[in-house]
Each structure stands twice: as structure tokens, then as C-alpha cells.
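Okay, so here's the structure we're looking at.
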Amino acid sequence: MAVKYELIKTCAQTGARLGRLHTPHGVIDTPTFMPVGTQASVKGMSPEELKTLGAQIILSNTYHLFLRPGHELVKEAGGLHRFMNWDRPILTDSGGFQVFSLSEMRKITEEGVQFRSHINGDKLSLTPESATQVQNALGADIIMAFDECPPYPAEYEYVKQSTERTSRWAERCLKAHSRSHDQALFGIVQGGMHADLRKQSALDLTSLDFPGYAMGGLSVGEPKHFMYEMLEETIPYLPGNKPRYLMGVGSPDALIEGSIRGVDMFDCVLPTRIARNGTLMTSQGRMVVRNAKYTNDFGPMDPECSCYACRNYSRAYIRHLIKADEMFGLRLTTIHNLHFLVNLMVQVREAIREDRLGTFREEFFEKYGMADN
Ligand SMILES: CNc1nc2cc3c(=O)[nH]c(N)nc3c(CCN)c2[nH]1
């Protein structure tokens, strides 16, 4: 069975919607946050721990798996689900963004992108066709069109040319996409911070009738209100019966603001990345557990949290582990941060169900202390 979006209801207070995304590997309740497992592993987490904290879908990266261990090996292992022993849905990103954020010496042409491997310097290339074929081989339930994420800031003319090329690439991905599996290929809307280019990109892509649409080119250093404005300029041109995925977004406020504007799917390395330097997302805002003030603090990281780390370990212990560079410390902070965001989305979905997401937003921001996060 292919990927199908079921709209359950729209929040009476906001533009948020409650949905269920049906995939060959299970159902995802939306709006949802997807933990990132770039190299076929959510760093330090077992599949069982991810299920316990409530993850319903995880993300992996074509670029990284193409470079190492290679998509042929993953295919030989029976595909990404088998290879990493994750039997729930997987989404793979297409590689364009990662080439630009990771590799040296890259060159972009109509054909695709040439680059050097950030691992061993090998000269490689990805095209719409090859990126699609790699993702077909990896076997994720949802795969992404090969796109360019323009840098920010960028000249209007550059963004225009890049966005038009990304639309041409999207059509090439559709043609290359083998339908032998039940994988859904999502299009990616670009357009930078320009409402006219966003609209044109959305019109170009929706004319190709993808089963879902991502909004790319955001969360690239722009002020957050630019991102929210671009959502408001784009979403009206996307079909209401298809999922909308805001790429690379994962701070608590952005997940709430994005949901309010009608976004259904989010992903971000933020929770796992900041966990590895001992920074936690808690109901009272951000907390740096390695801070000396927690030396003798024998309470839980977050008194309101029910995760494995908060139920069984103290701030003092976790601070000690982080200071002593003990691996277990990073696992505990990662478990907590992922649980925090996955649980935030449970609360967001409840608020939509009860038509009170606007009120929830005010209450959450009040408690969380919406400085920066
Ligand atoms: C952290 N910010 C961020 N912005 C992104 C834009 C794109 C984007 O425009 N295209 C693609 N393919 N991926 C993006 C990603 C990676 C998502 N895992 C982004 N991440």
C-alpha cells in the first residue's frame, strides 16, 4: 500500500490540522517530529529506545549512505529497514542539501552536482536520476526529490534560477522513480525568502502531483519570522489532502508555530546535537546540565518529564557523566531531548483535537521562556 494522508480535523482556533500518514511500515500521527538518523543510526539510540520514547518515523540521509557504506550494500542487506533493524517508517533526504553543507569542491550544473567526498576526497556526483535510484535502493517509505537549497542570503536572480532548476529536477526525479516499491516521492518547494518565487515553485511542483510536499530552503540562518512568512506564502498553494513537511526545523517554538500554520512533518538534528554537549530542552526552557549549579542537584533533569532518564537519574549524576565524558551521559540527554520533542507533538495533537492550539502556544511560551531556543 502506498503512502496516503488522512486529514482527521482542522483546529478551530488555528490553521493546524490533525492527520494520519499511512505508509507500508505503519501509521504516523501528524503533526509529527522525525528524529534524524543520518548514517542509519539515531546517534546512541537503539530502535527499542526510539519506540519507547514514541518515535513513529525516522530520517536518514542519501548523501551519507551513498558515500558509506554505499546503497548497493544496504540493498544487499535487504534495505535500510532490515539493515538498521527499524521496522517503522523511514524518510530519506535526497542529498542536495548535505552535499552543500558537507562536501568540498562542489559544482552544480543542469545535470546535477559534482563534489568531493568529505570522507576520502573521492570525486563523486549526484543527479536527480541517481539520487532517486539510490533512494529506491535504500527502500525508505518516503523519499525526497533531488533539489538545491539556495544559500541564505542569496541574490534574487540566483534564487530564481536555482528554484526553476529544482523544479526541472523534480520532474526528472518523478521519471526516474521506480514504482516497483511502494515508496512515495515528495517534491520540495524552494524560492528562498521571496513570496513570488515560493508561489511559482509550489505551482510548478503541484502540477506534477506528488503524494506530499516539503518546504525547503528554510531554517538556513534567516530570522524566524521570514520562515513563518514563507510558510504563509506557500501553504495556500499546496493541496490540503497531502502532507506538508518543513525541512530542518526542530526548536520547540518553531514546531508549534509551524503546526499552527498547517505543517504536518518536521525533522531536525537540534535535539540530538545539543544533547551531545549537555544542553537539554525542559518544560522550564533550556538547561545546560554540565553547569556547576547542578553539582549537588539530586532531582530529575525535568520534574515534569516521564522519560527513562528523568525517572531514573539525577542532574548531579548526568552532570558527572558528561564531565567525565561517559557515553551513557550522552545517551541519557539524547533520550530526554528526543522524548521532549516527540511528547511536545503529542501535546500539539491533543490541542488540535480540542481546538485549543492557540491557547497551548501561549501557555507553552510562557513556561518555556521564549527567549531563544
Ligand atoms: C537545519 N536546516 C535545514 N534547512 C534545510 C533545507 C533543506 C532543503 O532545502 N532541501 C533538502 N533536501 N533538505 C534540507 C534540509 C535537511 C533536512 N534534514 C534542511 N535543514
Exercise for review: Obtain the nm distance between the two label points defined at GLU304 and GLN39 by a simple spin-label model: each point lies 7 Å from its Cα along the Cα-to-C-beta direction.
Suggested key: 3.6
Check your understanding: What are the principal axis extents of the Cα atoms in the range 193-244, in Å, biggest first?
Key -> 31, 20, 16
Study note, to complete from the structure: For SER207, SER41, SER60, ascending order of other Cβ atoms within 10 Å (fewest first) is SER207, SER41, SER60
**Study point:** Amide H within-cut-off set for LEU185, under 5 Å, with H built and near neighbours excluded
**Key:** ILE143
Exercise for review: With all distinct Cα pairs included, what does the Kirkwood hydrodynamic radius of the range 275-373 come out to in Å, to one decimal, could you say?
Suggested key: 14.1
Review point. P(r) tail for the range 230-294, what percent of Cα pairs lie past 18 Å?
Key: 47
Practice item. Could you run the Karplus curve 6.51 cos²θ - 1.76 cosθ + 1.60 with θ = phi - 60° over the range 164-169 and give me ³J(HN,Hα) per residue in whole Hz, x for Gly and Pro? Key: 5, 5, 4, 5, 5, 5
**Study point:** Local electrostatic count, GLN56, Cβ distance below 15 Å [Lys/Arg +1, Asp/Glu -1]
**Key:** -4
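Taking Rh as the Kirkwood radius computed over C-alpha pairs, what is the Stokes-Einstein D of the range 1-112 at 25 °C in a medium of viscosity 0.890 mPa s, expressed in µm² per second?
Calculated translational D: 154 µm²/s.
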**Study point:** Percent of C-alpha pairs per 5 Å bin, the range 214-338, short to long
**Key:** 2, 11, 20, 18, 13, 11, 11, 9, 4, 2, 0
Practice item. Calculate how steeply helix 224-234 sits against the longest principal axis of the alpha-carbon atoms of the chain, using the helix alpha-carbon long axis, and give the answer as 0 to 90 degrees to the nearest 10. Key: 40
**Study point:** Helix 327-353 vs. the chain, principal-axis angle (Cα, 0 to 90°, nearest 10)
**Key:** 70
Practice item. Give me Rg over Rh for the range 65-123, both radii from the alpha carbons and Rh done the Kirkwood way, two decimal places. Key: 1.04
Check your understanding: Based on the alpha carbon coordinates of the chain, what radius of gyration and maximum Cα-Cα distance (Dmax) apply, in Å?
Key -> 20.2, 61
Review point. Got a sec? How would PHE298, PHE33, PHE100, PHE365 order by Cβ neighbour count within 10 Å, fewest to most?
Key: PHE298, PHE365, PHE100, PHE33
Point to revise | Per-residue Cβ neighbour rank within 10 angstrom, fewest leading, ILE119, ILE108, ILE58, ILE188 | key: ILE119, ILE108, ILE58, ILE188
Study note, to complete from the structure: Per the rule of 0.36 nm per residue minus the C-alpha distance, extending ARG116 to ALA324 adds in nm 71.2 nm
Study note, to complete from the structure: Computed on Cα atoms, the radius of gyration and Dmax of the range 131-199 in angstrom are 13.5, 41
Exercise for review: Quick one: compute the contact order of the chain, relative version, from alpha carbon pairs under 8 angstrom and 6+ residues apart, as a percent.
Suggested key: 18
Practice item. Ratio to report: Rg/Rh of the range 124-260, with Cα atoms as the point set and Rh obtained by the Kirkwood method; give two decimals. Key: 0.96
Check your understanding: Could you give the distance between the Cα centres of the range 257-299 and the range 338-365, to the whole Å?
Key -> 16
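Bear in mind these aren't lab numbers, they're just calculated from the coordinates by the rules spelled out. Quantities reported herein were computed from a predicted structural model and do not represent experimental measurements. Positions of Cβ are generated from backbone atoms using ideal geometry, with glycine treated the same way; all protein chains shown enter the neighbour counts.
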